[in-house]
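Colleague: Encoded as structure tokens, here's the structure I'll be asking about.
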Amino acid sequence: MGVRGRGAHRQWLLGRAPLVRGRKGEYRRELADLRKQGFVRARVDGEIVELESDIKLTRNVNHDIDAVVDRLVVKPGIEKRLLASLEVALRLAPDDRKSRAVSVPDSA
């Protein structure tokens with residue numbers, strides 16, 4: 001989960017499960033499947049997008065796609081939800097040894 005800042009006093013974690021790494025395609029079916037599974041957001045090529053929006057990817061360009069599993073405000077008592085989010089992320093991307101379920105903060 002990447003640590004994010006919002007204001008001076010609020011930090012949150014973004015739980016992600018990597019689905020596509022550096023591969024060409026439009027991934028309409030994969031994004032629709034995420035929507036059907038109840039996910040609301042994805043990180044597509046470094047940008048957080050709402051899955052309800054019309055996402056158009058260029059077929060001949062390499063893409064990176066992560067499912068956004070959870071967004072958590074950092075505060076005491078989030079341990080159970082954090083564990084549940086990690087389990088979901090690992091279930092979505094079981095073969096990815098570098099799972100973004102726990103990741104270093106980045107700019108996107």
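Colleague: Take the residues of segment 7-47 that are at pLDDT 95 or above and of a type in the set (V, I, T): which is surrounded by the most Cβ atoms within 10 Å (Cβ to Cβ)?
Modeller: Among residues in segment 7-47 that are at pLDDT 95 or above and of a type in the set (V, I, T), the one surrounded by the most Cβ atoms within 10 Å (Cβ to Cβ) is V44.
Colleague: Restricting segment 48-75 to residues that are part of a strand (DSSP E or B) and in contact with an Asp or Glu (Cβ under 8 Å, 6 or more places away or on another chain), which is surrounded by the fewest Cβ atoms within 10 Å (Cβ to Cβ)?
Modeller: Only one residue fits best here, namely D64.
Colleague: Can you name every residue in segment 58-89 that is more than 14 Å from the chain's Cα centre (by Cα) and either within 19 Å of Q37 (Cβ to Cβ) or polar (S, T, N, Q) (or both)?
Modeller: Scanning segment 58-89 gives T58, N60, N62, R81, A84.
Colleague: Now for a separate question. Any chance you could count how many residues in segment 90-108 are closer than 19 Å to Q11 by Cβ and either among the polar types (S, T, N, Q) or at pLDDT 80 or above (or both)?
Modeller: Residues that pass the stated criteria total 2.
The values are calculated or read from the model by the stated rules, or taken from the named source; none is laboratory data. In this text, all values refer to a predicted model and were calculated from it rather than measured experimentally. In this analysis, Cβ positions are derived from the backbone assuming ideal geometry, glycine residues included, and neighbour counts consider all displayed protein chains.
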